[in-house]
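To start, the structure itself, in structure tokens.
The values are calculated or read from the model by the stated rules, or taken from the named source; none is laboratory data. Since the structure is predicted, the reported quantities are computational estimates derived from the model, not experimental observations. Positions of Cβ are backbone-derived with ideal geometry, glycine not excepted, and every protein chain shown enters the neighbour counts.
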Amino acid sequence: MDALRQRLAAVATLDAAALEAEEVAVLGRKQGELTRQLKEVASLPLEEKRVRGAELNILKTDFEAAFSARRRSLAETAAAAAGRDTDLTMPGRRAWSGSRHPVTIVIDDIVAIFREIGFSVALGPEIENDERNFTALNFPPDHPALDMHDTLFLEPVSGAEGSERLLMRTHTSPVQIRVMREGPPPFRVVIPGVAYRNDPFDASHAPAFSQIEGLAVDEGISFVDLKATLTHFAERFLGGSVKVRFRPSFFPFTEPSAEMDVSCAICGGKGCGACKGTGWMEILGCGMVHERVLQNCGIDPERFTGFAFGMGPQRMAMVRYGIPDIRLLYGGDMRFLAQFGAVRK
Amino acid sequence: MNVSRQWVEAFLRQRLDSGEMAARLAMLGAPVDAIEPVGADLSGFVVGLVTAAKPHPNADKLRVTTVDDGSGTLHNVVCGAPNVVAGGKYPFARLGTKMPSGIMIERRKLRGEYSEGMLCSARELDLGDEHDGLLVLETDAAPGTSIPSVLDGSDERLVVDVTPNRGDLLGHKGIARELAASYGVPFRLPEIPGEAAIDLPLPTRFGDEAPVGGVRIAIDDRTGCGRLLAAVIRGVKIGPSPEWLQRRLRAVGLRSINNVVDATNYVMYELNQPLHAYDAATLKGPAIVVRAGRSGERITTLDGTDRPIPEGTLVIADAERVIGIAGVMGGRDTEVSLATTAIVLECAWFDPARVRRGRRAVDLSTDASHRFERGVDRWGAVDAFRRCIRLIVTLAGGALDGPAVDCFPAPMHPPRIFLRPSRVTQVLGVDLSWAEIERQLVAMGATVVSKPDDGRIAVDVPGWRPDITSEIDLIEEVVRLYGYDRIPAEMRAFRPGRRIDDPAWGAAQRIRAELTGRGLAEVITLPMVASGGAGAPRLLNPLSADHQRLRDALIPSLVAQVEANWAMHTADVRLFEIGTTFNLDDRAREPGEAMHAAFAVSGARHPAHWTDTSKAPLWDAWDARALFGDLVELAQPGAAIQVAADGWVAVLPGGRLVGRCHRLQSDAPPWAPPVFGGEIEIAPRNVSLPRFSPLPIFPAVVRDLALLVGTDQPVDAVIGLVEERGRRHALESVAVLDEYRGKELPDGKRSVTVRLVFRSADRTLTDAEVDQAVGRLRTSLERERDVVVRTT
């Protein structure tokens, strides 16, 4: 059998005539050496038969492959000699390349960064009620803060009069309420999802858009943790050289509230049209979870504190990729989508 | 909120740089959206010096003037204004200037005399209603100087984005307070130029009713109106406002109306207190009453619109009718006019929620309602009211008819809140000294009353901050004024969350990876559609009929995107979407929602290559079938795929249909290849781990069989039988190699070639064994499926 193995190794060096002869000598039905040895197996004792039979069968397959490969190689050499040279600058054979949506790429990148630091992904329904979308989040009734949440309501179901009014969630924040009501802290979640506003569909607005929120609640969480976590996020998402600042702001469900700005990606902080000359771009809203929100979820705000944040992947994708019109993000033009594949050509 | 830089400068008594103001305001929580030069639209106008004015030879009322506009050329200008005199300076529009009305100034002949430009009145420049003559410029500026620099002294307007909790920043005093704290300088009210020396005692306190100057003042709706101040001023002379006041109003974007109305607007923009002046002679009763609107009442508001008053809306009424929508807008019938000689000045605190409901009910948002909704200073109202009286008497003359009154039915003090420094540390994560905390509280205008033994700080909240009602509000103020940038961003130890990722997230990610790997491109379409299936829920208040329902499936949106690609002459389209669909089934009381994945493919199965001898094959039903099969395995592993009329469906063991795959109907151009698609509901589940099975060590034996299968006989029943029976005979796998239909075959039969692979885990199979197994399978097929094996 060792002799056969040596002959197998030598197949790659044979010329056309020798190849033909060797094929008959090894695999030939009558005088083939391997064929002969395979026939002999039948007479071996049972245990030996099993082992040897398997080995020979593998060897047989290998010989077949080796003869075929050598034949192909000789044919190519012959073709080259005949002057039909292969032009290796001709393009290769491709398959279609798929692509994630640019907004998905942004969401995936954000989620990946937060998962590294102990956050997990939470999801929730897009049809919500007033209580979780507004009341539990400390929106007082008849408050001007509601102006920023132009709400789409669902038509009441006939026969279900008197049941609660349903709406399309205006932000992903009701999922925070659901998470906090499901179990005791610590919580560390990121919440990607779609939110709805009764906005016109134009170059910078869409009536449904992606949002991604985060929530961390535990003992001992402070404004320092908020700043550290979100600064880390900005540096990972935008690169370590990005500058970050936090400005006071207002959201009913956080206090203190802040906006996080990052140095403008277009001008690097010198001031340009994109950042209205300020050198800064608003990237997310955040704040310490309002103590009334914690109370509304049955969490003792004297013991537990937390922070929350939210951002808009659509706008981030537009800045990141230089997309001028939000409506492009809702279209299916292959020429647009192909620009965001891992393989883009 | 439009903020005038010069107005703030008047508070701080110092020059300010608008860019720096904006930077500081941003860090205090009031970002500036824009900085605009005031009067930018008048930049084309210049100071014109009239060097000569003589009568027009052909018209009594016209004059022919010579105007020096600083260009070195004197212009012949025909002018109809009575007040033009030689030596006077007036705004001058050169040839080619576009007027605010849109008219272009051109050279033209007026009764035989050429006019090369125009001298302008205030109204022509859109600066006010004054149209009796030219706007007289009392200035030392040389002819040719631009008008904005003369009129406004190059003021700038900062457009400040005020958050809904900071009503106090809707007055210049509030902005000045923030900036004074930031710059570390004092601030006080600007002086009123030429202020009249009048004796103005504090208004007399009353309950819910008071008489003043013969007018009955009353609060009938005490929940809607917490305080109502009123004064009667007789002997006023209504006229234009002085230039300084017009300039202030212009800077914030308001038009000058007359001296009394301008005075109320000035105080509103200075102290965030809207006020209203009524013509006293028009009031029935005479009375001013705050009450709830009654059914059937109407009012014609100042903007000339006749409006029904929804019942319960907070209104101002006289003895007979509604004269104003409280906190929103006054009525035309009681408006101050040039004929007015006596006014009633009203200054109130209205309930923010009532004002909001009222302005929404009448669909009218105003400067006043914007402020009342955000909360004005219930205690500061007295100062604002007295300042407005002083201003009116200074500008329009007149005198108070009796002492002003102050109806304050339920007097109260601003709240006192206790702040624990330990809580400050808990929330902010840094230790701030008591002195530091106190410094910031004082800067916001609070009074630190005492420090009791229990370690708390008692704080009296200023009246202009109705948003501050609890300890956490004070903590926010402390850190806001201390500076968010001074809190360190140091990563501290944390406990990771205990929740696992939502299983639906993982399922969606696995499907997305699979489909992108197959060369499909992900889309995100709007979840709202124009029409949908019977179960697509309807929205109550859609902005557009195109978005009036929630989608109940993804496929129609994908088809629309395929069609959009065709419109761009793209034939090779491969799309998928993962998103929420909604469904309202007949019995449900509320709509349900589910995450779906769907795909649509059309065109070439792979990109063309130069070695191809024919055109690249098109995606067909079998591609879709396989893609769908994999999708079902990823999304609904428990579902079975069944044949349906037009394709395949995925059905759960209970019978519920969770997916379908078929050729898609579309609005296709003639050249378009067919579109195939599938959609599946994604079961939220975690990935099931594969179980390793040992790799075979013995060789396989392969047999290809040609089976005569009925043309209407499902092949999966044939293969199913082979698989089941073959299990006993070391059958490893069965695969369909090809199908052949031809005339030489028996009627109603087709030939299906299948490849059987036999392999034993513990020995090499012999040909005899395999022949025997094939023989048994052949018998089973003939007996149980009426399938004849043609060849082996």
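Points to keep in mind about this one:
- Summed over segment B:251-285, residues that are surrounded by fewer than 21 Cβ atoms within 10 Å (Cβ to Cβ) and among the charged types (D, E, K, R) total 3.
- Of the residues making up segment A:101-121, at least one is within 24 Å of B:Gly592 (Cβ to Cβ) and either hydrophobic (A, V, I, L, M, F, W, C) or at the interface with another protein chain (Cβ under 7 Å from one of its Cβ atoms) (or both).
- Test: residue in segment B:538-546 that is more than 10 Å from chain A (Cβ to nearest Cβ) and either touching a Cys at 6+ places or on another chain (Cβ under 6 Å) or not charged (D, E, K, R) (or both): yes
- Per the listing B:Arg759, B:Arg783, B:Arg776, B:Arg750, the residue uniquely surrounded by fewer than 13 Cβ atoms within 10 Å (Cβ to Cβ) and basic (Lys, Arg) is B:Arg783.
- Looking only at segment B:564-579, residues that are farther than 21 Å from B:Leu627 by Cα and more than 9 Å from chain A (Cβ to nearest Cβ) come to 3 in all.
- Scope segment B:509-537; condition within 7 Å of chain A (Cβ to nearest Cβ) and within 18 Å of A:Arg100 (Cβ to Cβ); matching residues: B:Arg512, B:Leu515, B:Thr516, B:Gly517, B:Arg518, B:Gly519, B:Leu520, B:Ala521, B:Glu522, B:Val523, B:Ile524, B:Thr525
- A:Ala75 vs. criteria assigned to a helix (DSSP H, G or I) and either surrounded by fewer than 17 Cβ atoms within 10 Å (Cβ to Cβ) or not aliphatic (A, V, I, L, M) (or both): yes
- For segment B:288-335, a residue qualifies if it is of a type in the set (Lys, Arg) and without any contact (Cβ under 8 Å) to a residue 40 or more places away in the chain, and the qualifying residues are B:Arg294, B:Arg298, B:Arg321, B:Arg332.
- Among all residues of segment B:580-600, there is at least one that is of a type in the set (D, E, K, R), assigned to a strand (DSSP E or B), touching an Asp or Glu at 6+ places or on another chain (Cβ under 8 Å) and within 11 Å of chain A (Cβ to nearest Cβ).
- B:Leu554 touching a residue at least 60 places away in the same chain (Cβ under 8 Å) and surrounded by 20 or more Cβ atoms within 10 Å (Cβ to Cβ): yes
- Any hit, segment B:179-200, residues being modelled with pLDDT under 95 and within 14 Å of chain A (Cβ to nearest Cβ): yes
- Test result for B:Val64, assigned to a strand (DSSP E or B) and surrounded by 13 or more Cβ atoms within 10 Å (Cβ to Cβ): yes
- Close pairs (7 angstrom Cβ cut-off, 6 or more residues apart or separate chains): under 23 Å from A:Pro156 (Cα atoms) in segment B:592-603, at pLDDT below 95 and not hydrophobic (A, V, I, L, M, F, W, C) anywhere: B:Gly592/B:Asn583
- From the list B:Gly506, B:Gly483, the lone residue that is touching a residue at least 12 places away in the same chain (Cβ under 8 Å), within 30 Å of B:Gly184 (Cα to Cα), surrounded by fewer than 22 Cβ atoms within 10 Å (Cβ to Cβ) and more than 7 Å from chain A (Cβ to nearest Cβ) is B:Gly483.
- When we screen A:Val194, A:Val189 for residues that are within 14 Å of A:Gly312 (Cβ to Cβ), at the interface with chain B (Cβ under 7 Å from one of its Cβ atoms) and in contact with a Gly (Cβ under 8 Å, 6 or more places away or on another chain), the only hit is A:Val194.
- Residues of segment A:1-41 classified as under 15 Å from A:Ala65 (Cβ atoms) and small (Gly, Ala, Ser), total: 3
Per-residue answers, yes or no, for (1) buried (at least 19 other Cβ atoms within 10 Å of the Cβ); (2) touching a residue at least 60 places away in the same chain (Cβ under 8 Å); (3) within 22 Å of B:Ala504 (Cα to Cα):
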site: B:Pro637; (1), (2), (3): no, no, yes
site: B:Arg656; (1), (2), (3): no, no, yes
site: B:Gly659; (1), (2), (3): yes, no, yes
site: B:His662; (1), (2), (3): yes, no, no
site: B:Asp667; (1), (2), (3): no, yes, no
site: B:Trp671; (1), (2), (3): no, yes, no
site: B:Pro674; (1), (2), (3): no, yes, no
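- Test set (1) surrounded by 19 or more Cβ atoms within 10 Å (Cβ to Cβ); (2) closer than 24 Å to B:Val159 by Cβ; (3) among the hydrophobic types (A, V, I, L, M, F, W, C) - B:Ala23 fails condition number: (1)
- Put simply, of B:Asp704, B:Asp762 the only residue that is within 14 Å of another protein chain (Cβ to nearest Cβ), more than 58 Å from the chain's Cα centre (by Cα) and touching a residue at least 40 places away in the same chain (Cβ under 8 Å) is B:Asp762.
- Under the condition of being in contact with a strand residue (DSSP E or B) (Cβ under 6 Å, 6 or more places away or on another chain), under 30 Å from B:Ser422 (Cβ atoms) and either at the interface with chain B (Cβ under 7 Å from one of its Cβ atoms) or assigned to a helix (DSSP H, G or I) (or both), the residues counted in segment A:208-222 number 0.
- Any hit, segment B:276-288, residues being over 24 Å from B:Val393 (Cα atoms) and in contact with a Ser or Thr (Cβ under 8 Å, 6 or more places away or on another chain): no
- Residues of segment B:436-476 that turn out to be more than 9 Å from chain A (Cβ to nearest Cβ), under 21 Å from B:Arg378 (Cβ atoms) and outside any strand (DSSP E or B), as a count: 13
- From A:Leu27, A:Leu8, A:Leu46, residue being of a type outside the set (Ser, Thr, Tyr), surrounded by 13 or more Cβ atoms within 10 Å (Cβ to Cβ) and over 50 Å from the mean Cα position of the chain (by Cα): A:Leu27
- Close pairs (6 angstrom Cβ cut-off, 6 or more residues apart or separate chains): farther than 23 Å from B:His370 by Cβ and more than 14 Å from chain B (Cβ to nearest Cβ) in segment A:133-144, among the charged types (D, E, K, R) and buried (at least 18 other Cβ atoms within 10 Å of the Cβ) anywhere: A:Asn133/A:Arg169
- Unique residue being assigned to a loop (DSSP other than H, G, I, E, B) and β-branched (Val, Ile, Thr) when the list is B:Val382, B:Val344, B:Val376: B:Val376
- Residues satisfying the stated conditions in segment B:751-763, i.e. touching a helix residue (DSSP H, G or I) at 6+ places or on another chain (Cβ under 9 Å) and outside any loop (DSSP other than H, G, I, E, B): B:Val752, B:Val754, B:Leu756, B:Phe758
- Filter result for the condition that a residue is under 26 Å from the mean Cα position of the chain (by Cα) and without any contact (Cβ under 8 Å) to a residue 40 or more places away in the chain, over A:Gly273, A:Gly285, A:Gly277: A:Gly285
- Comparison of B:Gly224, B:Gly174, B:Gly194, B:Gly167 shows that the only residue that is of a type outside the set (A, V, I, L, M, F, W, C), surrounded by fewer than 17 Cβ atoms within 10 Å (Cβ to Cβ), touching a helix residue (DSSP H, G or I) at 6+ places or on another chain (Cβ under 8 Å) and in contact (Cβ under 8 Å) with a residue 60 or more places away in the chain is B:Gly194.
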